[in-house]
Amino acid sequence: MGSYVRRNGAVIVRSYGMYWPVQTFGVIALLLLAFGLALGGRFTYYYLSRWPEESGHTESLLVGVGAVVLAFLVALMAFLGDLSAANRRLTEQVLTQVRGLSAALAAQQSAPAIAGHRRTAAASWRPEERA
């Protein structure tokens with residue numbers, strides 16, 4: 001089982017990113033945001049508890065801000081991935097309709113020829129429809 005996941009891990013991750021981008025990248029963005037806010041809260045706690053003497057824990061603030069910025073960027077990736085998935089679904093619908101129309105046009109024997117149109121459908125399997 002482990003070797004299967006190692007061999008096909010990239011395909012699995014790509015499939016999740018392609019078909020469920022908001023869920024996939026949204027979880028990553030929420031984890032980064034929670035991590036960044038926790039580090040920001042840690043800095044705020046130590047800053048307020050030791051205020052007059054020292055601030056300390058500046059590293060927590062820097063890493064926390066970096067994590068929040070990364071969370072924002074990953075959330076933008078989720079948004080763009082969702083738009084791309086919607087565009088892919090619409091393109092698939094248009095392609096299906098075009099293929100259906102092309103097959104229906106090719107099935108009509110008495111249809112006049114359309115300039116620049118080539119038949120893309122397979123020949124009919126019914127003997128009475130073969131010309």
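The values are calculated or read from the model by the stated rules, or taken from the named source; none is laboratory data. Predicted model only: the values in this text are computed from it and were never measured. Methodologically, a virtual Cβ is constructed for each residue, glycine included, from the backbone with ideal geometry; neighbour enumeration extends over all protein chains shown.
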Inside the range 15-44, the number of residues satisfying the requirement of being surrounded by 14 or more Cβ atoms within 10 Å (Cβ to Cβ), under 14 Å from M77 (Cα atoms) and modelled with pLDDT of 95 or more is 2
Select from the range 45-61 the residues that are modelled with pLDDT under 90, part of a helix (DSSP H, G or I) and touching a Gly at 6+ places or on another chain (Cβ under 8 Å) and list them in ascending order. Y46, Y47
Are there any pairs, at least 6 apart or on different chains, whose C-beta atoms fall under 7 Å, with the first in the range 84-99 and within 20 Å of V22 (Cα to Cα) and the second of a type outside the set (S, T, N, Q), and if so, which? A85/M18; A85/Y19; A85/P21
